[in-house]
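*Asks:* Handing you this structure, nothing more for now.
Computed from the coordinates by the stated procedures, all read-outs in this text should not be read as laboratory data. Computed from a prediction, not measured in an experiment: that's the story for all the values here. In this analysis, Cβ positions are derived from the backbone assuming ideal geometry, glycine residues included, and neighbour counts consider all displayed protein chains.
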């Protein structure tokens with residue numbers, strides 16, 4: 001169970017720096033099975049592999065309508081000391097989520113970045129939404145990129161980190177399909193590693209999540225483990241149950257229903273498309289959305305947690321993460 005424990009712990013820690021207990025809101029991109037819903041100002045089809053213009057996490061849908069001001073006192077020490085007008089107890093969340101921009105593995109000037117943060121004051125004159133838009137950074141190979149970051153303390157409580165190329169070019173259909181295939185394969189591999197934890201497993205998606213995990217561990221953000229269990233455990237339960245239904249006839253399930261569902265799994269992983277279909281089970285809780293520039297793996301749990309993993313087609317790398325509840 002080593003890989004299962006790590007994956008769930010790693011993903012759970014991702015939530016800790018940005019979400020507090022008792023959140024009941026949802027992401028603006030929240031899908032509903034069989035219908036089209038709003039992702040900010042655009043529509044996200046709730047069908048595996050379909051397309052949308054962009055997948056946005058709250059509060060980006062509110063950005064254009066806000067009167068934003070610089071986040072005065074925005075140094076990591078100042079945030080931790082409560083100098084910034086953030087809600088009570090939110091300093092650690094803001095510090096962790098800003099520091100985790102490093103997990104995108106782009107070089108940037110932290111001092112200038114903090115000065116570029118803007119915020120919207122709530123009625124209580126505290127930071128309600130924090131934004132960083134199109135901040136310049138550079139990858140190790142010299143590729144210029146923009147960083148975007150948004151954090152909401154209320155409404156839908158959420159955080160997102162996204163990296164995009166500064167010199168954007170429309171990818172060819174061949175590159176878009178190759179990117180979609182890669183994300184499918186990586187996600188299927190990660191799910192199968194959770195189901196078969198005896199595997200010595202790694203891939204680019206796993207490494208990307210682990211990088212985020214390491215930054216949160218360093219900041220001692222280790223809460224909310226049980227919330228991420230809903231995201232991966234529910235997907236794996238659907239996979240297990242789909243095999244269980246096929247191998248145990250309904251009329252004979254009485255005496256065998258207590259068997260561990262893992263016993264019904266095949267010894268070798270099925271094709272990625274089949275595994276992802278089983279993980280979704282027609283529920284709309286796992287989607288792969290192909291936008292003009294990105295492939296987004298979108299998870300939704302029964303208790304309203306949403307996680308989005310971004311893969312940039314032009315950069316050919318995982319490029320962002322969004323979490324909302």
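*Asks:* So, in nm, how far is label residue 175 from label residue 303 when the simple model puts each one 7 Å beyond its Cα toward the Cβ?
*Replies:* About 4.1 nm separates the two model spin labels.
*Asks:* What is region 131-197 by shape, rounded, prolate or oblate, if you read a ≥ b ≥ c off the alpha carbon gyration tensor as root eigenvalues and call it rounded for a/c under 1.5, prolate for a/b larger than b/c, and oblate otherwise?
*Replies:* Because a/c hits 1.5 or more and a/b fails to exceed b/c, region 131-197 counts as oblate.
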